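The values are calculated or read from the model by the stated rules, or taken from the named source; none is laboratory data. Just so it is clear, the model here is predicted, and its values are computed rather than measured. Here the Cβ is made from the backbone with ideal geometry for all residues, glycine too, and neighbour counts use every protein chain on show. Calculation scope for accessible area: heavy atoms of the full protein, side chains included, ligands and nucleic acids excluded. Shrake-Rupley method; radii C 1.70, N 1.55, O 1.52, S 1.80 Å.
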Amino acid sequence: MTTMLPDHARRSVVPSGLLWCLLSLLLMTGCSATPVSREHRVALAPWEVADTRLGQWVAEQAAPQEDTSAFALLADGRDAFAVRALLTARAERRLDIQTYLMGDGLTTRILLHQVLLAADRGVEVRLLLDDIGAIGQGRRLASLDSHPNIEVRVFHPLPIGRSHLVARVLATASVFNRHHRRMHNKLWIADNALAIVGGRNLGDEYYNASEPRNFADLDMLTLGDVVTPLSRSFDLYWNHGLAQPVGRFHRAAADAWQVLRDELAARLDDEEKTDYFAALRERRDERDRNRLVDDLRWGEAEAFWDPPGKPGYHHTPALDDTMAGQLWRRTTPSEKLSLVSAYFVPTEAGSQWLQSLARSDVDIRVVTNSLEATDVPMAHGAYMPHREALLESGVELFELRVRHDNPDEVAIGVPGTSASALHIKALGIDDDMVFVGSPNADPRSVWWNSEVGVLAISEGLAADFEALVKEGAQPTVSYSVELDAEGKLAWLTREDGAPVKLEREPGNAWRRLNAWLSRVLGLERWL
């Protein structure tokens, strides 16, 4: 989630155009971007996909099946990394990567090195990164873009304040109403034959490689018919006017990609003997020897995405014009709803809807972050006022602990030896539908950011997801939030094998202050 700022007045004694250029000079950049050509590109044609090894493998998997799409949940961070690395290594024609953030850690360096090697052997690479994720990374992105087979574009960019996040915050203060809207989509598509959709950005914390904190996250590997609309969504974003070549803002020498490749290789040589690097290599080799995933679940699927122009809107879109509205019309549950969301901000309208479902005998279970675990306490503060009414109606609430009680086991993708926070964005509807994508259950995902996801209709996949939700709701992993006999909130869990009841919400004073401020300032709409 992006940094929130108050909406400042626009009037000034200095003419706005002059103020803009003065700010540009202050931030060490000019008032205009460098002219760079920009060409439209589209996905591979079906016969081109069929001519690749990945396309042929997908055809072999699909041959004995009646259904047209297949899925596999990627809950373990190392599996999610291994599948991305293998798809990159096996791609022959095209690699499309869309992400919100790109960190600078071991996993990112490995994947970027793999991307450069793929480009060296002739694979066309398109990297589409939200402009927030590009802040401070101009040299690396321009170096990637200098490769003849790699093209990098940034989405919804500003030509100023590109060196540091603080500079970006200053640069967007006068245009906050527009530039707090971001492209939050995440896709990894190889040869238009297989695609990964879900919550993971590029960064060590998404692949269990970070200290002291990792994210419990979820991706879904997809193949078959559903990959075609996912590829189409990437093309729509790639060709949209908000997607601009990184070369318009950062330039590099023609051979900069070679320097970057050598730098990455040298750093990876130094890290090759680390325990995590060895574990990643072992996991990748294991997947390579067998197949990408243990079990494919077959069924029907529908891809959803927001219009690519949504982050550039100057207005609040109608619900029917958003991905959230389309998904809501498609997925009203009749028996069961399992919602897993890193940031759960239901708003009054969403809370009333969930309560009405619960009172209609729909079993509703919500798994989200606790105050002690969340990386955005302000979002948690906007969720807090809704808990009592949700619980009274019969909705079950579970809040992930920052550390769980099984240090040698893996719970919903995060090892117990690490502090953890939930980053999953997924829904289970009744016994046959699962949605996995990039949106949280919050106003930001509905109104401001653009998102993408896949709704799968598969009883096997639904069973896999319910097992994951059940694991996340265990008292050794999460707090069960309940109302006691006096109607007060209590947090029930287990520690060292014994039941524990907390009457005060777990979380330090700083987190409580942030949660309180979000309510006092009325920030729910922006979170």
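If Lys and Arg each add +1 and Asp and Glu each add -1, what is the summed charge of the other residues whose beta carbon sits under 10 Å from the beta carbon of ALA382?
Details: positive: ARG519, ARG525; negative: ASP442, GLU524.
With Lys, Arg at +1 and Asp, Glu at -1, the net is 0.
Across segment 191-283, the relative contact order, built from alpha-carbon pairs under 8 Å that are at least six residues apart, equals 22 percent.
In order along segment 192-205, phi translates into HN-Hα couplings of 6, 10, 9, 9, 10, 10, x, x, 7, 8, 9, x, 4, 5 Hz, rounded to whole numbers, per the Karplus curve 6.51 cos²θ - 1.76 cosθ + 1.60 with θ = phi - 60° and x for Gly and Pro. Charge tally around PRO212: other residues with Cβ under 13 Å, Lys/Arg +1 each, Asp/Glu -1 each, net -2. Computed over segment 448-493, relative contact order equals 23 percent, with contacts defined as Cα pairs under 8 Å that lie 6+ residues apart.
Taking amide H positions as modeled 1.01 Å from N, with prolines and chain starts lacking one, the residues under 5 Å from ALA419 and 5 or more places away or on another chain are ASN214.
Here the Karplus relation 6.51 cos²θ - 1.76 cosθ + 1.60, evaluated at θ = phi - 60°, turns the backbone of segment 309-317 into coupling constants of x, 3, x, x, 5, 9, 9, 7, x Hz, with x for every Gly and Pro.
Normalised by the number of residues in segment 371-514, what is the relative contact order in percent for Cα pairs under 8 Å and 6+ residues apart? Write down the numbers at each step before the final one.
Values: 212 pairs, mean separation 37.7, N = 144.
Averaging sequence separation for qualifying contacts and normalising by length gives 26 percent for segment 371-514.
Expressed as a whole percent, the accessible area of the chain that falls on carbon and sulfur atoms is 52 (1.4 Å probe). About its Cα centre, the dipole of the chain is roughly 2420 debye, where the only charges are +1 on Lys and Arg Cβ and -1 on Asp and Glu Cβ. Label positions at LEU492 and GLU392, each projected 7 Å from the Cα along the C-beta direction, are separated by 2.0 nm. The residue list ALA358, MET378, PRO346 was ranked by how far each Cα lies along the charge dipole of segment 315-378 toward its positive end, using unit charges on Cβ atoms, and ALA358 comes out on top.
Take the Cα of GLU348, step 7 Å toward its Cβ, do the same at SER37, and the gap between the two points is 5.6 nm. Residues whose amide H comes within less than 5 Å of that of ARG182, counting only those at least five positions distant or on another chain, are ASN449, SER450 (H built at 1.01 Å from N in the peptide plane).
Looking at the chain, the DSSP beta bridges with both ends there are about 65 percent antiparallel.
Dimensions of the chain based on its C-alpha atoms, expressed as ranges along the principal axes with the largest first, amount to 70, 70, 46 Å.
Net charge near GLU392: determine it from the other residues with C-beta under 13 Å of the C-beta of GLU392, scoring Lys and Arg +1 and Asp and Glu -1. Write out the running numbers ahead of the final one.
Values: positive: ARG359, ARG387, LYS488; negative: GLU388, GLU396, GLU482, ASP484.
Here the charged neighbours net out to -1.
Cα gyration tensor of segment 38-124, axes a ≥ b ≥ c as square roots of the eigenvalues: rounded (a/c below 1.5), prolate (a/b > b/c) or oblate? Numbers along the way, then the final one.
Details: a/c = 1.93, a/b = 1.26, b/c = 1.53.
Cα axes put segment 38-124 in the oblate bin.
Remark: segment 35-108 carries a charge dipole of roughly 300 debye about the Cα centre, counting +1 on each Lys and Arg Cβ and -1 on each Asp and Glu Cβ. May I ask which residue of PHE398, GLY198, TRP238 lies farthest towards the positive end of the charge dipole of the chain, with charges of +1 (Lys, Arg) and -1 (Asp, Glu) on Cβ and the Cα centre as origin? Farthest towards the positive pole: TRP238. Assuming R0 = 41 Å, can you tell me the calculated FRET efficiency for the pair ALA278 and SER356, based on Cβ-Cβ distance, to the nearest 0.05? Plugging the Cβ-Cβ distance into 1/(1 + (r/R0)^6) gives 0.20. Only protein heavy atoms count here; on that basis, with a 1.4 Å probe, SER480 has an accessible area of about 20 Å². Our coupling estimate for segment 106-119, obtained by passing each phi through the Karplus curve with A = 6.51, B = -1.76, C = 1.60 and θ = phi - 60°, is 4, 5, 5, 5, 5, 5, 5, 5, 4, 5, 5, 5, 4, 5 Hz, Gly and Pro reported as x.
When both segment 317-362 and segment 203-222 are represented by their alpha-carbon centers, they are found 26 Å apart. Accessible area of LYS336 (1.4 Å probe, protein heavy atoms only, ligands and nucleic acids ignored): about 50 Å².
Could you compute the longest span of the chain free of GluC sites (Glu not before Pro) located in DSSP loops and having at most 16 other Cβ atoms within 10 Å, not counting the site residues? Write out the running numbers ahead of the final one.
On the way: sites that count: GLU39, GLU66, GLU272, GLU335, GLU409, GLU486, GLU503.
It works out to 67-271.
Which of the three applies to segment 265-326, rounded, prolate or oblate, going by the alpha-carbon gyration tensor with a ≥ b ≥ c and a/c under 1.5 meaning rounded?
Numbers: a/c = 5.37, a/b = 1.86, b/c = 2.89.
Here segment 265-326 falls in the oblate category.
Using Cβ point charges alone (K and R +1, D and E -1), the dipole size of segment 165-303 about the Cα centre works out to roughly 860 debye.
Over the chain, how many pairs of lysines fall under 17 Å by alpha carbon, counting only those 8 or more apart in sequence or from different chains?
Lysine pair count for the chain: 5.
For segment 353-482, a/c is less than 1.5, where a ≥ b ≥ c are the root eigenvalues of the C-alpha gyration tensor. That puts it in the rounded class.
Surface listing: VAL367, VAL169 arranged by accessible area from highest to lowest gives VAL169, VAL367, probe 1.4 Å. Accessible surface computed residue by residue for the chain, with neighbouring protein chains in place and a 1.4 Å probe, gives 41 Å² per residue.
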